[in-house]
Every structure is written in structure tokens, then in C-alpha cells.
1. Which number gives the lysine pairs in the range 128-247 that have C-alpha atoms under 30 Å apart and are eight or more places apart or on different chains?
2. Among the lysines in the range 1-72, how many pairs, 8 or more places apart or on different chains, have alpha carbons under 21 Å apart?
3. Under a point spin-label approximation (7 Å from Cα along Cα-to-Cβ), what is the THR65-ALA151 distance to one decimal in nm?
4. Give me D for the chain in µm² s⁻¹, whole number, from Stokes-Einstein with Rh from the Kirkwood sum over alpha-carbon pairs, 20 °C and 1.002 mPa s.
5. Relative to the Cα centre, what is the charge dipole magnitude of the chain, using +1 at the beta carbon of each Lys and Arg, -1 at the beta carbon of each Asp and Glu, and rounding to the nearest 20 debye?
6. Give me the one-decimal Kirkwood hydrodynamic radius in Å for the range 126-203, with the sum taken over alpha-carbon pairs.
7. Rounded to a whole number of µm²/s, how large is the Stokes-Einstein D of the range 71-146 at 4 °C and 1.567 mPa s, given Rh as the Kirkwood radius over C-alpha pairs?
8. From the P(r) of the range 113-247, could you give the percentage of C-alpha pairs in the tail past 26 Å?
Amino acid sequence: MLNGKVAVVTGGTRGIGFEIVRKYLANGAKVVLFGSRQETVEKALEKLKAENSSWEVEGKFPKLTDAAEVERAVMEVKEKFGRIDILVNNAGISQSTPLYNYTAEEFDKVIDLNVKAVFYAILPAAKIMKEQGGGCIINTSSMVSISGQPAGVGYPASKFAVNGLTISLARELGKDNIRVNAVAPGVTKTDMVAALPEATVQAISSKIPLGRAGEPEEVADAFLYLASDLASYVTGEILSVDGASKA
Ligand code: NAD
């Protein structure tokens, strides 16, 4: 479905991002994954190469909250592969701190990675896509961007912002043949969820109409669809993959 395409996936070392990378590779794309540390990037590359040694995959670890570092890393991908067809902004952190325990620093941390870093990656990538005649950007939102959440307000605030970026840039960049969409996962079985208190996960899962949390592979399928030509007329969409959690 992605033969010959070049993709950049941030936060591609584990969880949902790792499954996106696997799925893109299995569907013929060349992928550069961005992780936070050399060690985790190398581990992820090793795992992928062990699965299929012919997959064309590389890794980088720019500081995603540093606009200049991100620009440099994106430009290096373009220099090496000649183009960037797909940018997936997946790296993110969550928070569940009650308001009265919040600090400004904690709030800044979630906004810096979940919102500003998304913008920093889009800036150089969109210019490359415009020059080459088109491309596709997929951001990672969350079901909390629709429902909010009862604590850790920085996290839903960041994902509402991701939706705003997505819908607005779809309108702005359509003329350049750049599609901009987001995937809004519900509770998905990754380290991010493992970090939440067990009672919180239980409470959320028990209310999911499909009766279970999602698998990272199921969420990655939505990223595959949106990156593929099957979604050639889909842009400005926030695609929920949440078992109807927010309904
Ligand atoms: P995860 O914690 O398993 O993985 C997060 C990824 O982001 C990792 O690859 C990590 O290296 C990267 N990352 C974290 N901090 C970073 C930093 N400072 N710099 C660079 N990279 C950094 O989480 P996940 O569940 O796979 O989440 C992926 C995305 O999906 C996030 O944007 C998250 O908000 C979103 N999401 C997850 C769920 C869920 O239930 N798991 C639900 C809704 C949305």
C-alpha cells in the first residue's frame, strides 16, 4: 500500500509508533523513525531488522522540543532519500495530575512535546512536501480530545490543540496537495497505559462498548489507511480508533 514512499515516524521506538513503523515497512515504505535516545532507537532498529533484513529503516534521535534539531533531522531525511511522503507525529506523553498538584513546568512539558514538537516537525516537512508536489501528515490525537479527562488537564488540552493544528492545516495545505489528518486512539495497550494507576485503566476499560482496550496494531492500521491512496480524498479528519469509548 505504500510502495516506494518515504516516511518519518516520531516516537517510533515502542508502543503505537513502533507498530506504525512495522506496518509501513511491511507495506513497502522506507522509514526513518525518530526516538528520544540512541539506545532505544538502536534496540528498535535491531528488532525490525531481525524481523525482516530487507526492510529499509533508519533511526535518529533529535530533541523533538528543539525546533532547530528537528529541522536538521528532517532535512537529513530529505537529503538521504530525496523526498518525504509521510510524516507521522506520534511521540507524546500523558499526564494524570490533579489540578491542585499541577506545576507550570509539568504543564509546559506536555505542551512542548505534544503540541510544539508536532509544529516543529510539520514546518520543514510541509515545505519539502510542497516542493515535491504533495504529501501526507498524520498527527496522533486521543479520545480525550473529544471527551476531556477528569485529571491531568494538560494532556487533553494538548490533544485539542493537535486537532486544531490538523483541521486548520488541512484547510491551508490542501492547495499544495498535502493531506493532514489525525488518529484519535482510545485506551491502547502500551507503556503509556501501563504507567496509569490500575484502577484508572479498569474504570476506563469497563466503560468501553467493545469491552476491551485496543491493541497498538489496531491503531497502526488507521495510520496505514490514512497514509495510503485509499485515503486520497480524506483530509482534515480526526479518525477515532477507540471502540466507541467517547460515545
Ligand atoms: P508510549 O509511551 O508507549 O510511546 C511513546 C513514544 O513517544 C515512545 O516512542 C517514546 O520514545 C516517545 N517519546 C516520549 N517522550 C519523548 C520525548 N521527550 N522525545 C522524543 N520522543 C519521546 O506511548 P503510546 O501509547 O504508544 O503513545 C503514542 C501516542 O499515542 C502518543 O501521542 C499518545 O498521546 C497517543 N495516545 C495513546 C493512547 C494509549 O492509550 N496508549 C491513547 C490515546 C492517544
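The values are calculated or read from the model by the stated rules, or taken from the named source; none is laboratory data. Here the structure is a predicted model, which means the values were calculated and not measured. Because the Cβ atoms are built from the backbone with ideal geometry, glycine has one as well, and the counts that use them run over all protein chains shown. All accessible areas refer to the heavy atoms of the entire protein, side chains included, with ligands and DNA or RNA removed. Shrake-Rupley method; radii C 1.70, N 1.55, O 1.52, S 1.80 Å.
1. 9
2. Going through the range 1-72 pair by pair, I get 16.
3. Modelled inter-label distance: 2.2 nm.
4. Numbers: Rh = 18.0 Å.
After rounding, the answer is 119 µm²/s.
5. Working: 27 positive and 29 negative charges, 60 e Å.
Using Cβ point charges on Lys, Arg, Asp and Glu, the chain gives about 280 debye.
6. Details: mean 1/r = 0.0709 Å⁻¹.
After inverting the pairwise mean of 1/r, the radius is 14.1 Å.
7. Working: Rh = 14.1 Å.
Translational diffusion coefficient: 92 µm²/s.
8. Working: 2265 of 9045 pairs.
The answer is 25 percent, as a whole percent.
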